[in-house]
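Read-outs throughout are calculated quantities, based only on the coordinates presented, and are distinct from any laboratory measurement. Small disclaimer: the values here were computed from a predicted structure and weren't measured. Counting neighbours? That spans all protein chains shown, and the Cβs are built from the backbone with ideal geometry, glycine included.
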Amino acid sequence: MTAQETSVPSPSAGPQEAPVAARVPERVAAAARRFGLVVLLIVLLPVFAALNPAFATYGNSMIVLQSVAVVGVVALGVTVSMTTGGFDLSAGACVGFVVMVTALTMVRFNLTGGTAIAVGLAAGLVVAAVNVLLTVVAKVPDLVATLGTMFLFQGLALIVTSGQSVSAGMTVAGAPAPGRYTEGFVWLGGGTVASVPVPVIVFAVLAAAVYVFLNHTRWGRALYAIGGNAEAARLAGVRVARYRALAYAISGLCAALGGILLSARLGRGDVGAGDPYLLQSVAAALIGFAVLGANRPNALGTVVGALFIGVLINGLTMLNAPYYTQTFVQGALLVGALVLSYTGRRERSDR
Amino acid sequence: MTEAAEPVVSVSGVSKRYGATWALREVTLEIGPGEIVGLIGTNGAGKSTLIKVLSGAAQPTSGTMRLDGRAVRHAGPLDALAAGVQTVHQNIDDGVVFGTTVAENLTLDSLSRKGAGWFTTRARTNAEAREVAAAVRLDAPLDAPVETLSASDRQRIVIARAVSRRPRLLILDEPTSTLSTVEAGLLLDIVKEMAAAGVAVLYVSHRLAEIEDLCHRVVVLRDGRVRRTFAAPVDRTAVVEAMLGDLAHAGPVDGAGSRAVADQAATPVLVAAGVRTRPGGEPFDVEVRPGEILGVVGLVGSGKTELLEQFYGARPLQSGGLLLDGLPYRPRDPHAAVKAGVAFAAEERSAQAIVPGWSVRAHVTLPRLRQHSRSGLLSRRSEYGSAAAVIERFGVRGPGVDAPIETLSGGNQQKVVVGRWLEASPRLLILDEPFRGVDVGARADIGRTLAEHSAGMGVIVASSDPQEVVELAGRILVLHEGNLAGEIRAGDATAGRLATLMSGAAA
């Protein structure tokens, strides 16, 4: 028996009232948790601009956004995978695998850009299918299952290309490869619409779509219900296995989309091109937990997280910080955000 | 046990308050050396709190406790251990470390003993383990991983460790709840031997047969007070009667009176033929008619939840077949049950119904999100409408539809998780222990609203406290250890008859 759960026996008693005014330091801490990251991002912008005038130009803004776009697209997928309490560690490997698959489709098999996109998205679904088999069917814990999938598809990307990069004019069985990247496909990575780069547009549209999906549809609500209390969701009639599969499918498709954009920007299939995207996208999604006190994976937070990483790295680069400090800076940012979203979390659930 | 011996443990006038609730009131209890005292009571009677106070996990609000005549006040569980109080908790697997061997588990305590040295060797560990194991006649291979052992052997490891610390008082909290009858028998023999060696034992169980077999005395708790003490040989029926208290026959709550008479001509909402609570149980039939509230009562472990979850697709049907409104019904999962018009409010509210941090509104609409969608998007208006309706009907008191559900009192949370199903107008509404941790006022609110708004549907209310069921139901099924012990009309239900059936004394 849990005496704490027994409520006040008086029928007229309402819920325990919170103290009229929480103490000032507590309120400051609460505000810092809620708005800390957004404020920090807004403060960073004029600081970088003051230190280097070239930072605050339209051109540089687009460079930042362009660099953020692929990470952001992948991170939105990771975010969806996290809503059910899962975790897609295979996202980065999926990006790399799709880069190779799209390059092969056009260069080695001389097929159209449209076919390459379709094959790339299908490859994302294959990665997702393996994740679903492992987590939902074989009941392997998400973190280690997707770690396994990550290795599988990093390896598979090497096998299908014999460990070599795929570019136009490469030698295949003694003869030059027949195809090359189509113009339309390359436009996805380097083109602009009204001077906004295409990947940025894709990122913006996807962010809006994921936001609406998670916050305003029953599917999103069901995903969060599973993440919050899977047993309660099951007993409320939510088909938990299907929704967990759906989450991985969306994550796989987003990673594939990220891979397509990256492949288009590179114009070739580079071995290991997807490698940095796992840590960056996971960091963006986790930083997103802390945005506006959501304390859970959310689309808006992930966008802020991705922008944060992009701005910080671009700003530091323009201040001539060496490239090899980038990983450390991202790590520090992630650790800070984790403290923001996990520390003091208890308060919320206290009776 | 000699009358003159000084009691090992002596608790006098102990009370414990949580917030505004008294979990224990003026409890007085003595256990002498070699004496086995049974502690029994329904959920919420105060058993767990008494165990916590004795084992140092909670401090009494008032009252005194003596061990071997010396006044003690445990600041924490370690103090109680040092004073010679050993507690074996209900969940066996909390007491063993998976991934290590039997020997390592048996010798866990020596890891933190002073002077144990820095290194462990297999030979020394095994020698020590053999000594510990001998006390409970455990002859499992010492090098076997602990997870390969049966539940009963794992249990014996936990008890062996407790015994090796030479306790003065041993508290066993439902030690047989996961064991088979044979395994339980072995355990009882060990407990008897330990008592013969002079250890005082407090034995908490819902299994009356064990209490009867084992205990020199039985203490019955109800509402935090010691209601009665029985000396062996105990009369099971009398024990259960003391546990349950008098049935208040003030008549059913308003509106429920008419419910008692179900429409006998109509097709039953649910017909369950040849169902069982568990494999090997006796098959029986259950029928619920439209407009009827059927009560299901039984002590903890009698199979109520196991039966009801089969009707909801939450666990596979053991045997027999189901008809819903005369049509074959075999739900694969809760989703299928909900679609067919069956609703289920589970026993453990916080583990099985509450999504942490979610608002009242989101809890209300979760089972029926599709109905609240307009061209793919959730309609706030529709959601608010539903949530407001539940709040209105059930008189939910709290800060509003958007407040996190945790900010509501237990009773008001329960109104939300029960009320949301009524909104769906199901054909069959199944409520498993709907009044657990719910105050009297909220209980009356829920009962009244159920009686008023369930016209035409079938309702099943299960509880281990018959009082809660008698107020609502027209007909009551009594389960005992997985089998149907009998059926009574609510009007004929007396504390004595229910106690006879619930204790299995009728069989």
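Some points to look at:
- The one condition in (1) of a type outside the set (A, V, I, L, M); (2) more than 27 Å from A:ASN298 (Cβ to Cβ); (3) out of contact with any Pro (no Cβ under 7 Å at 6 or more places or on another chain) that A:GLY86 fails to fulfil: (2)
- Search result, residues across segment B:151-208 that are among the hydrophobic types (A, V, I, L, M, F, W, C), in contact (Cβ under 8 Å) with a residue 60 or more places away in the chain and surrounded by fewer than 19 Cβ atoms within 10 Å (Cβ to Cβ): B:ALA196, B:ALA197
- Beta carbons closer than 6 Å, at least 6 apart along the sequence or on distinct chains, pair a first residue in segment B:127-150 that is part of a loop (DSSP other than H, G, I, E, B) with a second that is acidic (Asp, Glu) for B:ALA140/B:ASP153.
- Counting only residues that are of a type in the set (Asp, Glu) and surrounded by fewer than 24 Cβ atoms within 10 Å (Cβ to Cβ), segment B:291-321 holds 2 of them.
- Residue within segment B:443-461 that is within 17 Å of the chain's Cα centre (by Cα), crowded, with 20+ Cβ neighbours inside 10 Å and over 21 Å from B:SER409 (Cα atoms) present: yes
Condition check ((1) within 28 Å of the chain's Cα centre (by Cα); (2) more than 26 Å from B:LYS192 (Cα to Cα)) across all residues:
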{"residue": "B:THR121", "(1), (2)": "no, yes"}
{"residue": "B:GLU128", "(1), (2)": "no, no"}
{"residue": "B:ARG137", "(1), (2)": "no, no"}
{"residue": "B:ARG156", "(1), (2)": "yes, no"}
{"residue": "B:ILE159", "(1), (2)": "yes, no"}
{"residue": "B:THR176", "(1), (2)": "yes, no"}
{"residue": "B:SER180", "(1), (2)": "yes, no"}
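- Residue within segment B:81-98 that is farther than 21 Å from B:ASP173 by Cβ and touching a strand residue (DSSP E or B) at 6+ places or on another chain (Cβ under 7 Å) present: no
- Of all residues making up segment B:39-61, the number that are in contact with a Gly (Cβ under 7 Å, 6 or more places away or on another chain) and either without any contact (Cβ under 8 Å) to a residue 60 or more places away in the chain or away from chain A (no Cβ under 13 Å) (or both): 1
- Complete set of residues in segment B:365-416 that are within 26 Å of A:LEU214 (Cβ to Cβ), without any contact (Cβ under 8 Å) to a residue 24 or more places away in the chain and at the interface with chain A (Cβ under 8 Å from one of its Cβ atoms): B:LEU369, B:ARG370, B:HIS372, B:SER373, B:GLY376, B:LEU377, B:LEU378, B:PRO399, B:THR407
- Scanning segment B:344-362 for residues that are of a type in the set (A, V, I, L, M) and either more than 9 Å from chain A (Cβ to nearest Cβ) or in a helix (DSSP H, G or I) (or both) yields B:ALA351, B:VAL360, B:ALA362.
- When each of A:TRP219, A:TRP187 is tested for being within 14 Å of another protein chain (Cβ to nearest Cβ) and closer than 24 Å to A:GLY258 by Cα, the lone residue that passes is A:TRP219.
- Residue within segment B:321-334 that is in contact (Cβ under 8 Å) with a residue 12 or more places away in the chain and within 9 Å of another protein chain (Cβ to nearest Cβ) present: yes
- Filter pass, B:SER425 being under 27 Å from B:LEU308 (Cβ atoms), of a type in the set (Gly, Ala, Ser) and not in a helix (DSSP H, G or I): yes
- Of all residues in segment B:142-165, those that are of a type in the set (Lys, Arg) and in contact with a strand residue (DSSP E or B) (Cβ under 9 Å, 6 or more places away or on another chain) total 2.
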